[in-house]
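Q: Let me begin by handing over the structure; questions about it come next.
None of the figures in this text is laboratory data; all of them are computed from the coordinates on show. Just so it is clear, the structure is predicted and the values come from calculations on it, not from any experiment. FYI the Cβ positions are ideal-geometry reconstructions off the backbone, even for glycines, and counts take in every protein chain you see.
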Amino acid sequence: MNTEEALALLSALAHPTRLEAFRLLIRHEPGGLSTGELVEASGLSQSTFSTHLAVMVKAGLVIAEKRGRQQIQRANLDSLRGVMVFLAKDCCQGRTELYEPLLAELTCI
């Protein structure tokens, strides 16, 4: 991941609605949620939420899958992993005692 890609991902998450939607999608991996379920959880209108969803899709945070007549939205865990590695790659000058607590908290990813 390069700086531009990381900035696009972080910018897409820099809005409360998008951040909460992405966190909700992470909690529902690997099955994802229908677009309707996401709209309902957000409390926004379909058109307003669609704008937020489009930003996340464009940034590569969300992947849409067609299942029958439903659009299922899934968190792109590869993008999440990529930005996390990008942010922490040069962490702590190799001092494991400084980054091991971070790794311990991320063991579920």
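Q: Identify the residue in segment 62-106 that is small (G, A, S) and over 18 Å from I26 (Cα atoms) and, among all such residues, is surrounded by the most Cβ atoms within 10 Å (Cβ to Cβ). Break it down into steps so the answer makes sense when it comes.
A: Pass one, segment 62-106, residues small (G, A, S): 64, 68, 75, 79, 82, 88, 94, 104.
Right, trim to over 18 Å from I26 (Cα atoms) and you get 68, 88, 94, 104.
Details: G68: 6, A88: 13, G94: 8, A104: 8.
Among them, the one singled out is A88.
Q: All but one of (1) loosely packed, with under 15 Cβ neighbours inside 10 Å; (2) closer than 15 Å to R74 by Cβ hold for G32; which doesn't?
A: Condition not satisfied by G32: (1).
Q: Considering each residue of segment 1-34, count those that are without any contact (Cβ under 8 Å) to a residue 60 or more places away in the chain and either touching a Ser or Thr at 6+ places or on another chain (Cβ under 8 Å) or among the basic types (K, R) (or both), and give that number.
A: Final tally of qualifying residues: 6.
Q: Quick one: R81 ticks every box in (1) under 16 Å from the mean Cα position of the chain (by Cα); (2) part of a strand (DSSP E or B) except a single one, so which number is it?
A: Checking R81 against (1) under 16 Å from the mean Cα position of the chain (by Cα); (2) part of a strand (DSSP E or B), the one that fails is (2).
Q: Check A59, A54 and return the single one that is of a type in the set (G, A, S), surrounded by fewer than 14 Cβ atoms within 10 Å (Cβ to Cβ), within 17 Å of L13 (Cα to Cα) and within 15 Å of the chain's Cα centre (by Cα).
A: Only one candidate passes the filter, namely A54.
Q: Then there's this: How many residues are closer than 18 Å to A54 by Cα and either in contact with a His (Cβ under 6 Å, 6 or more places away or on another chain) or touching a residue at least 24 places away in the same chain (Cβ under 8 Å) (or both) when one looks only at segment 67-101?
A: Residues in segment 67-101 being closer than 18 Å to A54 by Cα and either in contact with a His (Cβ under 6 Å, 6 or more places away or on another chain) or touching a residue at least 24 places away in the same chain (Cβ under 8 Å) (or both): 9 in total.
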